[in-house]
Amino acid sequence: MSDLIPVGYISGLNVRKRISRQQPKGLPIVNMGYNELPYPPSARVQAAIAETAKQANRYGNALCTDLREALAAQHGLNADNLICGNGSEELLDVVARCFVRPGDEIVISQYGYIQFSMIANRLGARLVQAPEVDFTAKVDHILEAVGAKTKLVFLANPNNPTGTMLPKEELTRLVQNLPGDVVLLLDLAYGEFVGADYCAGVHVLVEEHDNVVATRTFSKVYGLAGLRAGWCHAPGAMMGGLYAARGMGSVNAFAQAAGLAALKDQDIVDRSVQQIVTERKRLVGELKGLGLTLANSHTNFVMCAIPGDDGSKANALTEYLFDEAGIIVGPVREPGLERFVRFSLSLPEHNDLLLANVMAFLRSVH
Ligand SMILES: Cc1ncc(COP(=O)(O)O)c(C=O)c1O
């Protein structure tokens, strides 16, 4: 029997390697590896899910009408310009499938979100990576990377795994200088951690330009990662094509009901942002105090490295945190970032546990 390897598969350009063995000390697992929110869904969200369960024999609304209308009302947008998806990940894929064909080019920044590379790979497109400075995208470098074959630019603000972002003025400059036939997808998966004004500015860019789209998600600050709901704000001319490229029932009824309920809990969302940002400032200060190198995070996660490491200490730290404390963090696999580990901010006690074990690890290797 021959081994059939999928066409275009690039080994290493794969989902991140995760620790899958049993925790050796039998400790509870503290997962800080997936950029999730540590808080469980609100009572209102849980009630909406329970209520939906009673009608699970019915399809969810394929157009996500109520959810789109609630999103439009909350953000001052036109519901006709919104499409929901099975997480925002699906919508990144849908937009790319609408505009990119084999042999076309997709431009991303050097350390852009790993799914951008995977989408280019899936579509047989050539990925062009614009160099970053201080782990941050550079508009001039992105513009230099755009050529005759470029169909799409993906840019996450803030980005994963770096957590860095560009200010609104730089996004505007990018839009103004990008050829009108190149689509710019601005991924705002972590936008709420920057603030409503920043996100609103991105939506204005979408409204004012025919080639700009924005994606957002219920997975991060809304804490609904397991349900899979995201949304995309796009120019009217694109909407038919986007719906045609998306599955009919990709946003299930539970995800729609939970998203709708979560939008009513804005006070909880605001509190979550505040708690995470407070913990981020604390941890960043502590880790810098330990001499670690940190990218400038604007998100619910932090990417840090031990100075002088070639990647072996990052791997050893990842193993150590799991074996000693049951903590899962994400070793960063993107080429050039192998010396970094990325962890999501969690409850204060989990952040303390992480900090104590990072300290113990540093003592053990020095
Ligand atoms: C930058 C970025 N964009 C998009 C996503 C996709 O999130 P989801 O599909 O859960 O909406 C993620 C998830 O980690 C992300 O980090």
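Coordinate-derived values only; no laboratory data. Since the model is a prediction, treat every value here as computed from it, not as a measurement. Counting neighbours? That spans all protein chains shown, and the Cβs are built from the backbone with ideal geometry, glycine included.
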Practice problem: Might you report the magnitude of the Cβ-based charge dipole of the chain about its Cα centre, with Lys and Arg at +1 and Asp and Glu at -1, to the nearest 20 debye? | Solution: 760
Self-check item: Gyration tensor verdict on the stretch 153-281 (Cα atoms; rounded if a/c is under 1.5, prolate if a/b is larger than b/c, oblate otherwise)
Solution: oblate
Practice problem: Please give the length that would be gained between Asn315 and Ala56 if that part of the chain were fully extended, namely 0.36 nm times their separation in residues minus their C-alpha to C-alpha distance (nm, one decimal). | Solution: 88.9 nm
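Given R₀ = 35 Å, FRET efficiency for Gln274-Ala73 by Cβ-Cβ distance, to 0.05?
Working: r = 24 Å, r/R0 = 0.68.
Efficiency, rounded to the nearest 0.05: 0.90.
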Self-check item: Burial ordering of Asp352, Asp181, fewest other beta-carbon atoms within 10 Å first
Solution: Asp181, Asp352
Exercise. Kindly state, to the nearest 0.05, the FRET efficiency for His366 paired with Val133, given R0 = 22 Å and r defined as their beta-carbon distance.
Key: 0.15
Quiz item: Can you give me the Cα centroid spacing of the stretch 260-281 and the stretch 317-366 in angstrom?
Solution: 25
Quiz prompt | Rounded to whole Hz, the Karplus (6.51, -1.76, 1.60) HN-Hα couplings of the stretch 196-207, x for glycine and proline | solution = 5, 5, 4, 5, 4, x, 5, 5, 5, 4, 5, 5
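Please report Glu349, Glu286, Glu89 as a ranked list, fewest other C-beta atoms within 10 angstrom at the top and most at the bottom.
Values: Glu349 9, Glu286 16, Glu89 20.
Ordered by Cβ neighbours within 10 Å, fewest first: Glu349, Glu286, Glu89.
Can you tell me, using C-alpha contacts under 8 Å and at least 6 residues apart, the relative contact order of the chain as a whole percent?
Working: 658 pairs, mean separation 85.9, N = 366.
Averaging sequence separation for qualifying contacts and normalising by length gives 23 percent for the chain.
Specify whether the C-alpha gyration tensor of the stretch 43-263 places it in the rounded, prolate or oblate class, a ≥ b ≥ c being the square roots of the eigenvalues: rounded for a/c under 1.5, otherwise prolate if a/b is larger than b/c and oblate if not. It would help to have the intermediate numbers written out before the result.
Numbers: a/c = 1.88, a/b = 1.64, b/c = 1.15.
Since a/c reaches 1.5 and a/b is larger than b/c, the shape of the stretch 43-263 is classed as prolate.
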Quiz item: Pulled fully out, how much extra length does the chain show between His141 and Val204, if you take 0.36 nm times their separation in residues and subtract their Cα-Cα distance?
Solution: 20.3 nm
Exercise. In whole Hz, with x marking every Gly and Pro, tabulate ³J(HN,Hα) for the stretch 265-274 from phi via Karplus 6.51 cos²θ - 1.76 cosθ + 1.60, θ = phi - 60°.
Key: 9, 4, 4, 5, 4, 4, 5, 4, 4, 4
Self-check item: Protection-proxy order for peptides 316-329, 37-50, 155-168, each taking the mean of Cβ atoms within 10 Å per residue, highest first
Solution: 155-168, 316-329, 37-50
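Mind running the shape call on the stretch 189-239? Use the C-alpha gyration tensor, a ≥ b ≥ c as the square roots of the eigenvalues: rounded below 1.5 for a/c, prolate if a/b tops b/c, oblate otherwise.
oblate
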Quiz item: Going toward the positive end of the dipole of the chain, with +1 on Lys and Arg Cβ and -1 on Asp and Glu Cβ, which of Met303, Asn211, Thr318 do you reach last?
Solution: Thr318
Quiz item: Expressed in nm to one decimal, what extension gain is obtained for the pair Ala43 and Gln22 from 0.36 nm per residue of sequence separation less their Cα-Cα distance?
Solution: 4.3 nm
Self-check item: Number of Lys pairs (Cα under 27 Å; 8 or more positions apart or on different chains) in the chain
Solution: 22
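Give me the dipole magnitude in Debye, nearest 20, for the stretch 296-366 about the Cα centre, with unit charges on the beta carbon: positive for Lys and Arg, negative for Asp and Glu.
Numbers: 5 positive and 9 negative charges, 31 e Å.
For this selection, approximately 140 debye.
Exposure proxy check: Asp310, Asp210 ranked by fewest other beta carbons within 10 Å? Let's see the in-between values first.
On the way: Asp310 8, Asp210 13.
Neighbour counts put them in this order, fewest first: Asp310, Asp210.
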Quiz item: Which Cys in the chain stand alone, with every other cysteine's Cβ at 4.7 Å or more from theirs?
Solution: Cys98, Cys199, Cys232, Cys304
